[in-house]
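One structure is given here, and the rest of the page talks about it.
The values are calculated or read from the model by the stated rules, or taken from the named source; none is laboratory data. From a predicted model like this one, the values you see are computed outputs, not experimental measurements. Here Cβ is always computed from backbone atoms with ideal geometry, including for glycine, and neighbour counts include all displayed protein chains.
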Amino acid sequence: MSVSWTLGELGRVLFERRADIESVDQVPMESALRNKCHDNARSYAERHPGCAVVHGWLAYLQGCGEPIGATFEAHSVVALADGRLIDVTPLDYASRFLRHPEGLPPFEALMRAHVNQINFVAGLST
């Protein structure tokens, strides 16, 4: 599948969903590697029945007061059997996570196209 959306369009949709950003508890898996969140989440879910990988974006909002832009980095976390999300990848900062919205190109297709980061500034056309 080809990714036919522009990065600007993807960024706009993610930015419009900023109210859905969740704080995720960090519970680094002992064998987890930095910068390998997709592999870490998959490994954890395979070892823990009832858990599932959730794909989405680490969200970094920019601006004072009302955000004027954001950077979104592709990321995967784990949904526990009770529905809570945990981040099993070691990070140096709090996880603010936006689940990959329906209606966008599939997350896996974006990863194959090397769309790992999206920057968006409100008001700029792309």
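For the stretch 98-107, a residue qualifies if it is among the hydrophobic types (A, V, I, L, M, F, W, C) and buried (at least 17 other Cβ atoms within 10 Å of the Cβ), and the qualifying residues are Leu98, Phe107.
Taking the criterion of being modelled with pLDDT of 95 or more and either touching a Cys at 6+ places or on another chain (Cβ under 7 Å) or at positive phi (or both), the only residue of the stretch 84-113 that qualifies is Thr89. For first residues located in the stretch 108-126 and under 14 Å from Val13 (Cα atoms) and surrounded by 14 or more Cβ atoms within 10 Å (Cβ to Cβ), partners that are modelled with pLDDT under 95 and of a type in the set (Ser, Thr, Tyr) and lie 6+ apart or on another chain with Cβ distances below 9 Å form the pairs Phe120/Thr126.
Pairs linking a residue in the stretch 7-19 that is within 14 Å of Leu110 (Cβ to Cβ) to a residue that is buried (at least 18 other Cβ atoms within 10 Å of the Cβ) and of a type in the set (Val, Ile, Thr), with Cβ atoms under 8 Å and 6 or more positions apart or on different chains, are Leu7/Ile118; Leu10/Ile118; Gly11/Ile118; Leu14/Ile118.
Scanning the stretch 54-84 for residues that are of a type outside the set (D, E, K, R), surrounded by fewer than 18 Cβ atoms within 10 Å (Cβ to Cβ) and not in a loop (DSSP other than H, G, I, E, B) returns Tyr60, Leu61, Gln62, Gly69, Thr71, Ala79.
In the stretch 42-49, the condition of being closer than 27 Å to Trp5 by Cβ and in a helix (DSSP H, G or I) is met by at least one residue.
For the stretch 29-40, the set of residues classified as modelled with pLDDT under 95 and exposed (fewer than 15 other Cβ atoms within 10 Å of the Cβ) consists of Glu30, Ser31, Leu33, Arg34, Asn35, listed by residue number.
Residues that are under 27 Å from Ala70 (Cα atoms) and among the hydrophobic types (A, V, I, L, M, F, W, C) within the stretch 33-51 comprise Leu33, Cys37, Ala41, listed in sequence order.
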